[in-house]
Amino acid sequence: MSFVLVQVIVGGLLLGAVYALFSSGLTLVWGMMNVVNFAHGDFVMVGMYVAYVVYTLLGGGPLVGAPLATLLLATLGIVVYFGLIRDIMKGPMLAQILGTFGLALLLRYSVFWWFGANFLSLPENLVGGTFDIGGIRIQASRLLAGVVALLVTLGLHLLLTRTTLGSRMLAVAEDSTAAQLMGIRPDTMQAIAWAIAAGATGLAGALIATFFYVVPTVGETLGIVAFVTVSLGGFGSVPGALVAGLLIGVIESLSGYLIGAVYKDMVVYALFLGFLWFRPQGLMGKS
Amino acid sequence: MSMSKLVGLLSAAAIMMALGTSAFAQQKTVKIGAVFPLTGQAASAGVHAKAAIEVALDIINNAHPELGNFPLAKNAGLAGLGGAKLEVVFADNQGSPATGQNQALRLITEEKVVALTGAYQSGITLTTSAISEKYGIPFVNGESVAANLTERGFKWFFRTTPIATDFAKVYYDFLTEMKASGAKTDHIALVHDTTEYGASVAATITSAFKEKGIAIAQDVAYTTNATDVQSQVLQLKEKKPDVVIMISYTSDAILFAKTMQSLDYKPPMLLADDAGYSDPSFLKAVGKISIGAFNRSSWSVGAPGSATAIIAKLYKDKSGDEMDDTAAREMQGFFVLADAIDRAGSTESAKIQAALKATDMKPEQLMMGYKGIKFDDKGQNILASGLIIQLQDGENYVAVFPKANAEKAPVMPYKGW
């Protein structure tokens with residue numbers, strides 16, 4: 001295998017890990033309560049701005065920014081759940097779509113109003129520069145995001161499969177009335193799910209901000225990939241989103257390099273549709 | 001007097017006042033529509049465009065004797081219309097050609113604007129100006145460079161900016177001179193998005209160079225607002241072109257700069273085609289890792305106390321950012337439109353159109369470094385020109401070519417970070 005090709009694949013894996021990290025919150029919210037959160041990308045955007053503010057005001061890197069973004073976004077998630085989601089969940093699907101889409105615009109243009117439309121950027125060497133392993137270059141900031149993506153996926157998976165809290169959350173997802181009869185409060189569980197999902201987006205945002213530009217519309221740029229990742233992985237499956245993210249990252253990189261960047265989306269979406277044809281529930285979704 | 005009577009009287013008074021002011025307004029203000037990407041992916045450019053137009057409005061509507069003989073500055077309002085003030089109605093194209101078109105329609109039919117300007121992205125100027133053409137409303141564009149905009153046989157479209165064909169020539173001359181001074185310029189790569197702007201500028205450069213017997217060795221096209229450009233940078237890194245010409249909007253330009261650094265790729269020469277590379281937020285975000293980048297521009301801030309320096313100061317006070325080439329070209333376009341309305345002495349479309357056709361502005365009447373403004377039958381300014389600038393310190397561009405306008409000598413090779 002040629003040398004460049006290895007670099008292309010490594011780059012694709014790192015990109016894919018970011019897609020996975022970006023998507024975990026979206027798939028969790030879907031899995032827990034069948035809500036497609038169109039504001040997802042904009043939650044990540046808010047996380048990126050938190051990281052930016054932490055850097056400019058406190059001079060702190062992702063070690064400060066990431067936990068703070070996670071906390072703030074988790075809080076925002078709870079507020080959004082009680083202020084909006086709880087009510088629109090009772091309505092038709094269209095209400096969810098428009099409700100979360102409205103929230104997306106509210107977040108986007110609040111940030112726009114506050115920070116302006118300018119593109120912002122964190123310093124390139126905020127996370128230890130770039131490793132050069134035998135000529136293969138790995139950016140520390142992307143590697144960090146990749147490692148965190150793995151940890152978040154593992155953590156969420158363990159939470160859902162190995163803990164009482166996870167079982168309760170799944171019980172509410174399965175049948176909220178029955179869960180209520182067993183003494184589980186659906187509201188609390190779903191609020192926790194939103195807090196975790198939104199916290200994960202904050203974390204993702206703070207890490208992505210270390211190597212991507214920050215702008216109010218960035219959620220839109222990255223958001224579409226998140227939806228593809230989640231549907232390919234299987235709606236609601238956290239490990240599925242990881243595998244799907246990595247897959248999309250590598251396919252994008254390879255097709256971009258071998259065929260041309262203009263065609264990479266075409267390749268990804270053609271494969272994606274072809275795959276759904278055979279397996280509509282996605283890689284790891286329940287049929 | 002009972003309460004209801006009082007309310008009635010008051011509202012009658014209010015209505016009369018409203019009617020009175022609107023009648024007054026009709027007499028004393030001239031409405032111009034401006035379509036820009038005020039939200040969406042290109043909002044950064046749109047917001048700067050709006051600030052530029054607002055500064056121009058200030059200069060036109062208020063007395064600015066400090067600007068000397070700069071057209072429309074000395075007295076308040078348009079002298080040709082008895083001191084009438086200009087009013088600009090801004091509309092947001094949201095980065096979408098269809099929205100731009102709808103906004104143009106609204107500005108013309110609802111707001112009754114007498115002329116239009118905008119719309120930043122060539123692809124949106126294309127659709128927006130089609131509406132003004134249909135309604136017979138003059139459209140003056142100061143910044144969109146896709147060559148085909150003035151190749152449509154339009155009667156109401158006028159463009160002041162130099163366009164892709166002009167720049168292709170400047171690039172060729174520049175590269176020829178750099179080659180004479182020892183730089184390698186044989187292997188040229190074009191990196192561009194697939195928007196109207198990116199695709200058409202790339203095509204124009206390719207054919208212009210071909211006429212001179214130079215084949216573009218590598219063409220790297222990508223979809224705008226990319227989430228990742230590693231594979232494109234690796235393609236360049238593998239082919240090792242001598243010159244990389246970047247034709248990119250801001251978001252992609254920033255991502256390219258970051259990715260080139262992380263993959264440790266520096267072309268010997270990086271020549272950018274304005275757009276993203278002129279955006280002040282590009283310089284703030286990644287200027288420090290793009291040191292040595294060449295770019296094109298027609299704007300130069302000039303000596304302290306000069307009209308251009310004063311305008312630059314007004315702009316910085318308004319927007320918080322340094323004046324860049326794109327904002328300046330937009331402002332120049334707007335001044336030309338205002339000047340035509342002033343000379344027309346009327347808000348009638350046909351008279352403004354006639355005045356635009358008769359435009360003959362000299363370099364000293366301009367804020368841009370054009371050789372003048374004079375439109376051909378297609379509506380293109382035949383005296384538009386540009387120069388090459390270089391980001392030598394990672395913060396501000398300096399003019400490096402042609403020699404007559406150069407502030408500093410070009411520095412090779414591209415340094416990056």
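Of the residues making up the range A:255-274, those that are over 21 Å from A:SER23 (Cα atoms) and not small (Gly, Ala, Ser) are A:TYR257, A:LEU258, A:ILE259, A:VAL262, A:TYR263. Checking the range A:206-213 against the condition returns a match, with at least one residue being within 12 Å of another protein chain (Cβ to nearest Cβ) and assigned to a helix (DSSP H, G or I).
Condition check ((1) at the interface with chain A (Cβ under 7 Å from one of its Cβ atoms); (2) within 24 Å of the chain's Cα centre (by Cα)) across all residues:
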residue	(1), (2)
B:LYS212	no, no
B:ALA217	no, no
B:THR224	no, yes
B:THR227	yes, no
B:GLN230	yes, no
B:LEU236	no, no
B:LYS239	no, no
B:VAL243	no, no
B:MET246	no, yes
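Apart from one condition, A:PHE235 fits all of (1) surrounded by fewer than 24 Cβ atoms within 10 Å (Cβ to Cβ); (2) within 14 Å of chain B (Cβ to nearest Cβ); (3) in contact (Cβ under 8 Å) with a residue 60 or more places away in the chain; the exception is (2). Scanning the range A:178-191 turns up no residue that is within 11 Å of chain B (Cβ to nearest Cβ) and more than 12 Å from the chain's Cα centre (by Cα).
So which helices (runs of 4 or more DSSP H) stay within the range B:205-308 end to end and still have 1 or more residues that are within 21 Å of A:SER255 (Cβ to Cβ)?
Filter on the range B:205-308 gives B:230-239, B:250-262.
Scanning the range A:244-282 for residues that are surrounded by fewer than 19 Cβ atoms within 10 Å (Cβ to Cβ) and of a type in the set (Ser, Thr, Tyr) gives A:TYR263, A:TYR269.
Here A:VAL243, A:VAL230 are screened, and the one residue that is under 14 Å from the mean Cα position of the chain (by Cα), part of a helix (DSSP H, G or I) and either more than 13 Å from A:GLY12 (Cα to Cα) or of a type in the set (Phe, Trp, Tyr) (or both) is A:VAL230. Scanning the range A:116-166 for residues that are within 14 Å of chain B (Cβ to nearest Cβ) and assigned to a helix (DSSP H, G or I) yields A:ALA140, A:SER141, A:ARG142, A:LEU143, A:LEU144, A:ALA145, A:GLY146. The strands (runs of 3 or more DSSP E) found wholly in the range B:68-165 and carrying at least 1 residues that are touching a residue at least 24 places away in the same chain (Cβ under 8 Å) and surrounded by fewer than 21 Cβ atoms within 10 Å (Cβ to Cβ) occupy B:85-92. Based on this model, can you work out whether B:ALA208 counts as more than 24 Å from B:THR250 (Cα to Cα), touching a Pro at 6+ places or on another chain (Cβ under 8 Å) and surrounded by fewer than 20 Cβ atoms within 10 Å (Cβ to Cβ)? Here the answer is no, as B:ALA208 does not meet what is asked.
Read-outs: derived from the displayed coordinates by stated rules, not from any lab. As the structure is a computational prediction, the values presented were derived from the model and not from experiment. Using ideal geometry, Cβ is built from the backbone for each residue, glycine included, and neighbour counts are taken over all protein chains shown.
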